[in-house]
Amino acid sequence: MASSFRRADDLGRGETTYRTFYPTRLEALMKLHGIALVICGLGMLISSTSARAQDADKMKLTEIETKFAEAATPGPAAGAVLKQYLYDANLFQVTGIGRVGMMPKSTIIEIFSKPNPTDPDVKSAQKLSDIRIGIYGETALVGYKMTNTDTGHKDPALNVTDHFGCLDTFIKRTGQWYIVGSACSPDAPISKAEWDADMKAMGEAPKPMKDAYH
């Protein structure tokens, strides 16, 4: 009896050991399912956090573009917006009449912080629509349609409303978005009178601008 009891006891310990180190298929599946749920939950949390961050960035970029549009007329308000949102380097630009150039932030602020002395009564009003934003890490592209209306020019050929498609490039530094590039193209050919007036105005532009854009 003692021998039989010992064998029975050994069998019980063996079964316990087996179940401890070799879980049943059901137990293994349950553990894997639990791990999968944790991973899935973490993935959803990260995805949700990332989506909220992108939404916040898109709202900020839209806000910046709106501020640029609201300060379209050269003067102190324009200078303040440029100072806040231009990156501290060269701004690369393709203008609405096809000129390409770069100017440093300091020069741009100096030129646009006051009215153009050769045409001081100009007022510009801009409206943006169809804003679309793509964010790629620390870089963002903002595309939009813009309606620009100028009044007060000495040359009446420049007192017109033009429509453009535009694309701006931003980079993010220390949590803040800055513009580094801008390109606009008319959505329809401009008149010869306006083109000729634009060419004349460029000839009267400040020297740094004339030297920078070609």
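The residue among 156, 72, 178 whose Cα reaches farthest toward the positive pole of the charge dipole of region 60-214, with charges on the beta-carbon of Lys, Arg, Asp and Glu, is 178.
Annotation: the residues 99, 173, sorted from fewest to most other C-beta atoms within 10 Å of their own C-beta, follow the order 173, 99. Averaging the Cα positions of each part gives two centres, and for region 96-149 and region 155-214 these lie 7 Å apart.
Our coupling estimate for region 99-115, obtained by passing each phi through the Karplus curve with A = 6.51, B = -1.76, C = 1.60 and θ = phi - 60°, is 7, 10, x, 9, 9, x, 3, 4, 5, 4, 4, 4, 5, 9, 7, 8, x Hz, Gly and Pro reported as x.
Placing pseudo-labels 7 Å out from each Cα toward the beta carbon at residue 214 and residue 53 gives an inter-label distance of 4.2 nm. Fully extending the segment from residue 193 to residue 172 would add 3.5 nm, taking 0.36 nm per residue of separation and subtracting the current Cα-Cα distance. Compared with the direct C-alpha span, the chain from residue 147 to residue 63 gains 28.5 nm at full extension, assuming 0.36 nm per residue.
Determine, for 177, 195, the number of other Cβ atoms within 10 Å of each Cβ, and report the residues in order from fewest to most.
If I rank by nearby Cβ atoms, fewest first, I get 195, 177.
Under 5 Å between amide hydrogens, built in the peptide plane, is the criterion, and for residue 114 it picks out 75 among residues at least 5 positions away or on other chains.
With neighbours defined as other Cβ atoms within 10 Å of a residue's Cβ, the residues 113, 185, 50 order from fewest to most as 50, 185, 113.
Readers should treat all values here as calculations from the given coordinates under stated rules, not as data from a laboratory. Bear in mind that the values here come from a model prediction, so they are computed numbers and not experimental data. Because the Cβ atoms are built from the backbone with ideal geometry, glycine has one as well, and the counts that use them run over all protein chains shown.
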